[in-house]
Amino acid sequence: MATHAIVDEVRLRRFARLAAPLLRSTAQQGFGLQVAQNKAGTGLEFLDLRPYATGEDARHIDWRQSQLRNQMLMRSYREETASDWTICLDGSASMQDSKKWQSARELAVALAYLLLQVGHRVTLIIFAERIVARIAAGRGQRHFAAISRELQNYTPPADGGGSLPGLCASLLHGRQDVFLLSDFLCADLMREDLLQLCAHSKSVAALQVLAHDEVALKRRGSTLLTDAESGEQARLDLDIGAGQSASAALAAHNAALRTVMQSLGIHFSAPRSGDSWEHTLLAHFGRS
């Protein structure tokens, strides 16, 4: 896959080697996630050429293309079991914190890379109060580059709007798996939107992305807080007790969110703040 600015390609290749087997294990546990079987052989469809990584089976090296391009290249294949995936990414104002958005982009890029490496078709949808960007389903190096460019170029608005993942349902055909990335900080827990996604897809997985301040409120004194989506403001006097109350409120919100996700059959993860994207995704797929 082509080098890009969001995540280093060496890290992506290492992650894909670790995560691909976990996708199969996750599917066997009934989470609805599936992985294409990538075994070279007669009758399989050639998918792409990709750089060789140390330790891979040398039988799959394309020696002719490697010589022509002066780079060791592997042939990738896919079987008919390859499926369609849609990554739905929350691009609303509540995601505009720079570190929070960077984390969300890293997760989306890594997911796209992994799914494309194992032969799936991948669609990217960025949503807010409307669909703000879409990269239609595709495979291969050029498609990954297109997804990377879109994620590199898009910036959430500073304020206004809402977060409506249910809008993505109108773009689904009912046969793909969906991976939803959002902060899920909505009072209604996005229940109706999640129902729409489940009704129009084969399966849904979800991962929460939060900023550090949303997990651990450490500021003290009088602070003006602004809701990024509604624009409403409130001045609060923050002390140790306020921080503890905020943490308790987030814990209660996430407990209710987990209950909703479980009732809908959605595999949900809420990683710790500061975890790397590798650790977050490997934990989601079942590796602690």
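The values are calculated or read from the model by the stated rules, or taken from the named source; none is laboratory data. In this text the structure is predicted, and so the values were computed from the model without any measurement. When the accessible area is computed, the model is the full protein with side chains, heavy atoms only, and any ligands, DNA or RNA have been set aside. Shrake-Rupley method; radii C 1.70, N 1.55, O 1.52, S 1.80 Å.
Things worth noting here:
- The range 90-122 - residue that is open to solvent by 40 Å² or more (accessible area, probe 1.4 Å) and over 15 Å from L12 (Cα atoms) and, of those, nearest to the chain's Cα centre (by Cα): Q102
- Of residues in the range 57-77 being within 20 Å of L116 (Cα to Cα) and open to solvent by 40 Å² or more (accessible area, probe 1.4 Å), the one modelled with the lowest pLDDT: Y77
- Options I131, I87, I125: the member that is open to solvent by 10 Å² or more (accessible area, probe 1.4 Å), at pLDDT 95 or above and not charged (D, E, K, R): I131
- Annotation for the range 139-146: no member residue is open to solvent by 10 Å² or more (accessible area, probe 1.4 Å), of a type outside the set (S, T, Y) and closer than 17 Å to L281 by Cα.
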